[in-house]
1. So which residues in the stretch 292-336 are out of contact with any helix residue (DSSP H, G or I) (no Cβ under 9 Å at 6 or more places or on another chain) and hydroxyl-bearing (Ser, Thr, Tyr), if there are any at all?
2. For the stretch 319-332, state whether one or more residues are farther than 30 Å from residue 456 by Cα, out of contact with any Phe, Trp or Tyr (no Cβ under 7 Å at 6 or more places or on another chain), in contact (Cβ under 8 Å) with a residue 40 or more places away in the chain and of a type in the set (A, V, I, L, M).
3. Scan the stretch 310-352 residue by residue and report those that are open to solvent by less than 50 Å² (accessible area, probe 1.4 Å), polar (S, T, N, Q) and more than 30 Å from residue 466 (Cα to Cα).
4. From the list 571, 511, which residue is at pLDDT below 85 and open to solvent by 80 Å² or more (accessible area, probe 1.4 Å)?
5. Show me the helices (runs of 4 or more DSSP H) entirely contained within the stretch 111-194 in which 1 or more residues are touching a strand residue (DSSP E or B) at 6+ places or on another chain (Cβ under 9 Å).
6. Taking into account only those residues within the stretch 607-628 that are at pLDDT 80 or above and open to solvent by 50 Å² or more (accessible area, probe 1.4 Å), which is nearest to residue 196 (Cα to Cα)?
7. Only one of 414, 491 is in a helix (DSSP H, G or I), basic (Lys, Arg) and more than 30 Å from residue 308 (Cβ to Cβ); which?
8. Quick check on my filter: what residues within the stretch 187-246 are touching a residue at least 60 places away in the same chain (Cβ under 8 Å) and among the charged types (D, E, K, R)?
Amino acid sequence: MEITLTKLTMRNFKGVKGERVVEFSPTVTKVYGANRTGKTTIADAFRWCLFGKNTEGKADFGIKTKDNNGNVIPELEHEVSVYMLVDGQPTKITRTYTEKWTKPRGVAEKVLTGHTTTYMVNGQMYTQRDFNEYINSLCSESLFMAITSPTYFVSLKAEQQRSILTQMVGDVSPASVAQGKREFEALLQIMGEQDIEKFRQHLSYQMKEIKAELERIPVRISEQQNDIAGLTPAQPVDWKKVEGDIKATEAALTRIADAIAETIADHSKAQEAQLAQQQAARQQVREQIASVQDKMNEITSKHTQAYTAETSNARQQAQTALDEMRRAEKALEAAKYDVKTAANKIADTEKWLERMGNSIAEFKARWQQVSDSTLVFTQEMFICPTCGRPFDEENVDATKAQMQANFNAEKARKLDNMEEEAKGLEEEKNRLTTLLTKLQQEKEEASGKIAQLTASYEVAQQAYNKAAAPTAIMQPAERIAQDSEYSELGKQLASLQAKLATMPLQADAGDTQAAVQGLQQDQRQLQVKLNELNAMLHIGTLIESKRKRIAELEQHEQQLNAQLTQLEGQDYAAESLLQCTIEELERKVNALFSFVTFTMFDHKINGALKPICECTVNGVPYSDLNNADRINAGIDIINAMCQYKGVYAPCFIDNAESINNVLPMQSQRIDLIVSNDNELQVIPQ
């Protein structure tokens, strides 16, 4: 689709007052003018008419026209019409922005209550939704921004630029690069679903672990060799002979054990009879000891129970005295509280009586004032309030008589009411006086109880102090020590225990013991020899196990070296595949352009790759280019995007005065050039 701008009309748009018409060449149009003469306004009007935004992508900007004082001129329609060819078909698009003024009820003037926007396509009214769908059918807003401004694409974030460029060149995957290359295809089968970077990270971790293990294996072999050197005897050892000596010694030990058992069996019956007699005698003495201990325990229990009873009785007496003292103390505190309460009530009642006296005195003054009051006639009382003329004489007398009667009636009413008030005051005074007398009597009664209750508390306190410190009670141990029967039983117990200690515990072994001891002596000597032989054989076993361990470590070392070689080969193949993929992607991307070059990856010092998207011209980054190269870089990008999308639209080049040689464009070009012209000069080429 090719969009060509033929004419643009603005009415009250931004700084334009009235209507301005700008016509364009289908190829190149140059717009000259000094700063603030409206060059950018043309680009803003074109984009606003289609998308409701200015060239910066802002929807909220100063559309309304202002007067010389900077104030918005009210009730103006702000309108832009765009005349263009869409694939050769004339098309007119109009957007109108209107203020909405209404006159609220009760307000003299109209007020601004909102705005409305209308949309026209080829003279037909469109709803906002239908209008947006129509514009989007011509060209999406994002694509329109990209192909109408040389600075738009490079202003996007790197990942957005990279995504767009990747879409333009199609899929460049390791699988597509590996196709037809046996080494790469085999690598992809090993990788499975992993991407190259993660696969290489995993390989790096594996190789690091293997190398660390390879470094540890020589150390372990050396440790085993050192252990063997330390264990090997100075003189050569016949290990087979050592094993034969062990078997012969074990057989001799078995024969001695059998001889010991036979000797013991021969003398066991005689020893059993002798042992039975000894056990019967010892049992008789044990029974006598138990009888004496039972009697001693009874005496101990008797004295302990007596001590417990006396102690419990003393504690009970102390608790009873304490309870009595607490009751007396509580009664005393209650009496003191009653006295204090009565005193407070007396003070309050006396205050109320004092206030009542003041109220009675004030009432008497009011009574006297009402009683002494008389009606005094003045001249103003007998003048008509309507016409201001004095009353006739007969009317004056009648009025005086009526006024006097009214005054006397009101005075009598007030005195009657005050009589009731006097009775109420007298009753309240009598009530308070009676209450005061009662309270004083209660206080005297409570005060009289305090002395009596104080004496009761002191008596209870003395009783408690006496009960709390009873005469010392003799401990059970002291009672037992003074018991003569217990002392005599103790002597009997000691005598019986001494007798039991001297009685034999086992039968006399006699010759049997001597014979067994001789055999056991031979047995111990043979056991020592057997232990020495086993220790020697254990050393041989350790040496053999360490030699086997060395062989295992050497075999493991060979396996790890083979595995490391395999992993290093996979890593090299993965690195080569990744490099080929990067080169293919950058080749395809840069094949789209004639002026700019894009770097798609950043090679880190540690060998890692960071996806980037950096635009350069002859190796110079876009950020370091002069304005002319930046414009041509943007044009080169626009040309590629237009060719890829098949959509061409007018391209506005701001600050075009900074470039002499502009790259050719298939799209319509509108150069906005800063000059000394105070009025816009539009020159189609």
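The values are calculated or read from the model by the stated rules, or taken from the named source; none is laboratory data. Only a predicted model underlies this, so the values are computations on that prediction, with no experimental measurement involved. Neighbour counts are summed over all protein chains in view; Cβ atoms, including those assigned to glycine, are modelled from backbone coordinates with ideal geometry. Only protein heavy atoms, including side chains, enter the accessible area calculation; ligands, DNA and RNA are left aside. Shrake-Rupley method; radii C 1.70, N 1.55, O 1.52, S 1.80 Å.
1. 301, 311, 312
2. Of the residues in the stretch 319-332, the ones farther than 30 Å from residue 456 by Cα are none.
Scanning the stretch 319-332, I find no residue that is farther than 30 Å from residue 456 by Cα, out of contact with any Phe, Trp or Tyr (no Cβ under 7 Å at 6 or more places or on another chain), in contact (Cβ under 8 Å) with a residue 40 or more places away in the chain and of a type in the set (A, V, I, L, M), so the answer is no.
3. Selection gives 341, 349.
4. After applying the criteria, what remains is 511.
5. Passing ranges, in order: 128-138, 141-148, 152-155, 158-169.
6. Looking at the filtered set, the residue picked out is 614.
7. The match here is 414.
8. Those that are touching a residue at least 60 places away in the same chain (Cβ under 8 Å) and among the charged types (D, E, K, R): 197, 200, 211, 213, 220, 227, 243, 245.
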